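Shown next, in structure tokens, is the structure this report addresses.
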């Protein structure tokens, strides 16, 4: 007997993770557009806002700073928008 799945209307308003951290198995940054974020380490104040806001977890903490893991970055530019000192820019590949 097949189990009935709930209708989408009854699901809670939030994301549903059927398999947490499954994106780590795949290099999801392969379909990034023609631009990639670059961090100017001299301007970076290490506030970690880019790390907090990155929806793909592509910003990694390294020592007291951060770096962008292009294997997972999709080039959305949220890190650029959130950086208070404009230390991150989008550059053409």
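Take residue 57 and tell me if it is at positive phi and in contact with a helix residue (DSSP H, G or I) (Cβ under 8 Å, 6 or more places away or on another chain).
yes
Exactly one condition in (1) exposed (fewer than 15 other Cβ atoms within 10 Å of the Cβ); (2) in contact with a strand residue (DSSP E or B) (Cβ under 7 Å, 6 or more places away or on another chain); (3) modelled with pLDDT of 95 or more is not met by residue 88; state its number.
(1)
The values are calculated or read from the model by the stated rules, or taken from the named source; none is laboratory data. It should be emphasised that the depicted structure is a prediction, and the values quoted were computed from it without experimental measurement. FYI the Cβ positions are ideal-geometry reconstructions off the backbone, even for glycines, and counts take in every protein chain you see.
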